[in-house]
1. So, of the residues in the stretch 48-87 that are within 14 Å of the ligand (Cβ to nearest atom) and small (Gly, Ala, Ser), which turns out to be nearest to residue 36 (Cα to Cα)?
2. Please list, ordered by first then second residue, the pairs with beta carbon atoms under 8 Å, 6 or more apart or interchain, first in the stretch 169-196 and touching a residue at least 60 places away in the same chain (Cβ under 8 Å) and closer than 21 Å to residue 227 by Cβ, second open to solvent by 30 Å² or more (accessible area, probe 1.4 Å) and β-branched (Val, Ile, Thr).
3. Within the stretch 185-213, how many residues are open to solvent by 50 Å² or more (accessible area, probe 1.4 Å) and within 16 Å of the ligand (Cβ to nearest atom)?
4. All but one of (1) small (Gly, Ala, Ser); (2) open to solvent by less than 10 Å² (accessible area, probe 1.4 Å); (3) touching a Lys or Arg at 6+ places or on another chain (Cβ under 7 Å) hold for residue 75; state the number of the condition that does not hold.
5. Please state which of the following conditions residue 255 fails to meet, knowing it meets all the rest: (1) touching a helix residue (DSSP H, G or I) at 6+ places or on another chain (Cβ under 7 Å); (2) touching a residue at least 40 places away in the same chain (Cβ under 8 Å); (3) open to solvent by 20 Å² or more (accessible area, probe 1.4 Å).
6. Please specify each residue of the stretch 96-153 satisfying the condition of being among the basic types (Lys, Arg) and either touching a Cys at 6+ places or on another chain (Cβ under 9 Å) or assigned to a helix (DSSP H, G or I) (or both).
7. Quick one: in the stretch 88-132, of everything that is within 12 Å of the ligand (Cβ to nearest atom) and open to solvent by 10 Å² or more (accessible area, probe 1.4 Å), which residue is farthest from residue 63 (Cα to Cα)?
8. Which one is nearest to the chain's Cα centre (by Cα) among residues in the stretch 214-242 that are loosely packed, with under 13 Cβ neighbours inside 10 Å and not basic (Lys, Arg)?
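The values are calculated or read from the model by the stated rules, or taken from the named source; none is laboratory data. Bear in mind that the values here come from a model prediction, so they are computed numbers and not experimental data. FYI the Cβ positions are ideal-geometry reconstructions off the backbone, even for glycines, and counts take in every protein chain you see. Heads up: the accessible areas ignore ligands, DNA and RNA and are worked out on the full protein's heavy atoms, side chains in. Shrake-Rupley method; radii C 1.70, N 1.55, O 1.52, S 1.80 Å.
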Amino acid sequence: MIPITDPKRQFAALEADVLKKMKNVLEKGNFISGENVTELETVIADRLGVKEAIAVANGTDALVLTLHAYGIGPGDEVITTPFSFFATAEAISRVGATPVFADIDQITFTLDPIKVSERISKRTKAILPVHLFGQSADMQELNNLAKQHDLHVIEDACQAFGAFYQGREVGSLGDAACFSFFPTKNLSTIGDGGMVTTSDTAVAKRIRELKTHGSNRKYYHNEIGYNSRLDEIHAAILLCCLQHIDDWNEKRREWAVRYQQRLQTLTCIKLPITKADRQHVYHLYAIDTDKRDSLIEHLTSRKIQTGIYYPQCIHLQKAYEHLSYREGDFPKAEKLSRRLLALPLFPFMTETEQDNVIAALEEFQVMHSC
Ligand SMILES: *Cc1c(COP(=O)(O)O)cnc(C)c1O
């Protein structure tokens, strides 16, 4: 089976380096909050040109802690996309606020600033755009809206480490940004991990306290917090991966260009588009087709894995029944949830594997004459 992604191959390529760093952590015996975590925070903050990077346990916690640190809670609204991984909205609900959804742009699959502007109310406190599949949202328009209405902008950059927008890297575009290092993300470890980046030093300080039980001095607690730390072992592994992330992202773009060159004449599928002012990192390479079921069946028969991201929009999830959204509320998001299909694309895939995927898609085109 050709997988859509394969973290095993990434770590096979880094084995010697990773094992050395892991051994070092074992020998030091400082498993939580040690030198690797501090170094990782420094390297990421420097890279993004932000004042602070705060390592946390996972991407969901990064979102929860950031929202909490901005004082967002019961009675507040946060505008976000219905077309993302569930955690984006879940984090808003977790702090007691209400997610307010706005439809997305058909090209980038990210928040449509015009739709966002229609959803702003007296209760709105923040906009939470997602750089979906590795392409930045329309940050300039969203930042302008936020400025006009005095809102925070919190980037969900969990799928987009290393992506660029108008020459600037995601994670440095809003008031704060959240990353995930879950094993399938483009920058990842062998377990859970996350990071908040921000130049707002007051918020950074509060996140540092919140993530350690609301404490900045051992056994003295300023507020009710969380336990959300990144382990040394994951920080060490992430430092290894960081040395390669730009090459890996470049490789992802090369595979995407190759798909584009070889598949552009097929009329059964529409290929993803990157807007001119941004650089994609292809966490996922999702094509658009109205023949999704038969295409999945065909590719599976050719031993090619595919993935549906996401089969159900967040506003239609059972967990959000109480918000009383209906089918038809966000037509673009809903349409894409029925049509998008992710194909294999990861830095360590081989040319033969990609050729097989391309051949199978060409074969499908002949069989179906769409
Ligand atoms: C993965 C992901 C998250 C959550 O990250 P975890 O590390 O799994 O908690 C949040 N938002 C988006 C868009 C994601 O892809």
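1. 55
2. Matching pairs, first to second residue: 180/60; 194/60.
3. 2
4. Residue 75 satisfies all of (1) small (Gly, Ala, Ser); (2) open to solvent by less than 10 Å² (accessible area, probe 1.4 Å); (3) touching a Lys or Arg at 6+ places or on another chain (Cβ under 7 Å) except (2).
5. Every listed condition holds for residue 255 apart from (3).
6. Matches in the stretch 96-153: 115, 119, 147.
7. Out of the qualifying residues, it is 109.
8. 227
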